[in-house]
1. Give me the percent relative contact order of the stretch 131-270, please, defined on Cα pairs under 8 angstrom at least 6 residues apart.
2. Taking all protein chains as present, what is the carbon and sulfur share of the accessible area of the chain, in % to the nearest whole number, probe 1.4 Å?
3. So which of K185/K645; K185/K503; K192/K266; K451/K599; K476/K525; K62/K389 end up more than 25 Å apart, counting from Cα to Cα?
4. Which whole-number percent is the relative contact order of the chain (Cα, under 8 Å, 6+ apart)?
5. Students often check this: by mean Cβ neighbours within 10 Å, which of 534-542, 177-185 ranks highest, and how do the rest follow?
6. Using the per-residue mean of other Cβ atoms lying within 10 Å as a proxy for protection, in what order, highest first, do the peptides 552-565, 117-130, 73-86 fall?
7. Find the accessible area per residue for the chain; the probe is 1.4 Å, ligands and nucleic acids are left out, and the unit is Å².
8. Divide by every residue of the chain the summed helix terms, -39500 (n - 2.57) for each DSSP H run of at least 4, and state the resulting mean residue ellipticity at 222 nm, rounded to the nearest 500 deg cm²/dmol.
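The values are calculated or read from the model by the stated rules, or taken from the named source; none is laboratory data. All values derive from a computational prediction rather than experimental measurement. Cβ: placed from backbone, ideal geometry, glycine included. Neighbour counts: every protein chain shown. Please note that ligands, DNA and RNA were not included when accessible areas were found on the heavy atoms of the full protein model with its side chains. Shrake-Rupley method; radii C 1.70, N 1.55, O 1.52, S 1.80 Å.
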Amino acid sequence: MKHILSVFILSFLFGLTIHAQEKELPRGKRLSKSNRTVNLNTKNNSRSGKEKVTKADKIDTKAIDYKFISIENDTTFVDTTLNIQKEYKFNYLKKDYFELLPFSNTGQVFNSLGYDFTQNVTTFSKFGARAKHIDYAEVADIKYYEVATPLTELFFKTTMEQGQLAEGFFTVNTSPRFNLSIAYKGLRSIGKYRHIKSNGGKFRSSFNFRTKNDRYFARAHVVMQSIENQENGGITDVLVEEFENGNNEFDDRSRFDVNFENADNKLSGKRFYLNHFYQLLKKKDSTNRSVLSIGHVANLEDKKYQFNQASSNGYFGEAFTASISDEVRLEQFYNQGYLAYTKKGLGQIKAHVRYTDYNYGYNSVVSLVSGYVPNRLKSGFASVGANYKAKFKKLSLMANYTTNLSNANKGSLLTAEAEYNFNSEVRFKARVLLNEALPDFNYRLYQSDYKNYNWYNSDFQTQKTKTITALLDAKKYGSLKAAYTSIDNYTFFGVDGVTSNVKPFQEINAVNYFKLTAQKEFRYKKFALDNTLQYQTVTQTNNVFNVPEFILRNTLYFTDVWFNKNLFLQTGFIFNYFTKYKMNAYDPLLSEFYSQSEKEYGAYPRIDFFINAKVRNARIYLKAEHFNSSFTGNNFYSAPNYPYKDFIVRFGMVWNFFL
């Protein structure tokens, strides 16, 4: 990690030196935020009018010349602006935490205040340790690029006690048809409580290629990542009362006794992905355009989850061995072939066939009094499907259907989506999703050196999810989003009422979940008030799916430009709140959250004060997080026995360089 930080600092200082040499663009050449000019003409600014100006000196690029492309071919552009959404996303995950509740240390897991059942949907079992997957880069998370000039982004943020979070990203087009990108994210944070150090590393590289005649296209990426945490089981039950009473003796959080100080877990993985296609038929004229393509996708991924403990602890029950060394692995590979036809006025129709091979499990079998626990789930299955995508003026349509051709590995996915843009200010979007898939692997099969954590649930049924969402977004009046989800055979971790052990269950009764989210920002001169309110309700026979009834966020902030418009300032307060509910508890051995029904948590405010600034392409962030912690009561938790973070001041920045 020291080497990573050294490289980051050297890169930062080098970029700062180069950037300091650039002169400001003349005012007449400035563009709007959405179409900003990038000044590459550093040499020409120092020339006399008599000197010859070369072709290279005339390069003048815009934001739209720096494309970020998803695997679904959705394209965005580089954005160096500073707004309130950037403030919400300046964090470990680079995403809005509105429905997430982080633990006290950077790089730990996140409890969920709300759920979106339209994200990361598959037709088959997923690897376990889902709490750690929140920062795991999936296939859909990787971007591909096309840039006019080399682009660099440096990210840095302080963490909790002796550590740093840093990321460096670089992309370049070696030719107009070939792009290469490389990035690395590193984390180290000790934390305020005992034995909760976080470490992490994420390397990713991608390339984007097309031939000169635009007939062959290829996109590929390599990702190698690991997320490692020391685990302590939270503060002991005996000291929970001392925390809630605000005992001054424990203002130094390292004085709290924790349940154990000798365990750690780690999720690691590597993936090699290739998506390429060739246009067999390409016809384009003024009245007709049709393209017939044949393509292939290959994805090889290897995941491993480990839990190690120097000596067994009664917190998890009896153990087979004196020390604990659990390890589970998933090797998964799929090949997909597809045929796509695109015609102007019709849209794109794509049909695909896929074969998936998987190998999940352990190196030994377990024999218990209750039965035999095998060591492996291994098989292969084929799936077929079709996609449709089209855009007709103001209307966009999308549909997708995939089904597995295997009774043993049953699963299917159907999605249909329609979006209508009434004008540039108002749009409506609706989506329907029907999904059926076997529960995650760790629900079906799990082994551990702890006796209570061994099971084989061959009788678990597929979980069936039906979701309907609708979004009305009007810039003048705000946005309103509704989502209704019905789940059959809901699979979850809970507490066995007889043994008090954490184990997987399936709910035989339907679980119905509804949420309504409203967002609106009010502006008056240089002040703004951004409001987000979410209402949630669950209809269920047993209390197995728990969410707070209300989640609230209000942000009051001020913006201005100073120093002849060379500095953009943003400062204000963020107020977060959610109502009391039976918050899920965390199991560090499984790295999963489980349902508990003993105590309610919540109804505490979290107030942050921030000052952000933008100087050219650098965004600087300074925040006093949870500054109200010392005077609004010590009832703040991220999970039972895991207090939320105390007041802390953190600094960070994001800087883009256009070479």
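1. Working: 298 pairs, mean separation 27.2, N = 140.
It comes to 19 percent, rounded to a whole number.
2. On the way: 17580 of 31760 Å².
Roughly 55 percent of what the probe reaches on the chain is carbon or sulfur.
3. Working: K185/K645 23 Å; K185/K503 34 Å; K192/K266 20 Å; K451/K599 27 Å; K476/K525 16 Å; K62/K389 29 Å.
In this structure, K185/K503; K451/K599; K62/K389 lie more than 25 Å apart at Cα.
4. Details: 1652 pairs, mean separation 69.4, N = 659.
It comes to 11 percent, rounded to a whole number.
5. Peptide ranking by packing, descending: 177-185, 534-542.
6. Top to bottom by mean Cβ count within 10 Å: 117-130, 73-86, 552-565.
7. Solvent-accessible surface per residue comes out at 48 Å².
8. Numbers: 4 runs with 38 residues, N = 659.
After summing the helix terms and dividing by the residues of the chain, the value is -1500 deg cm²/dmol.
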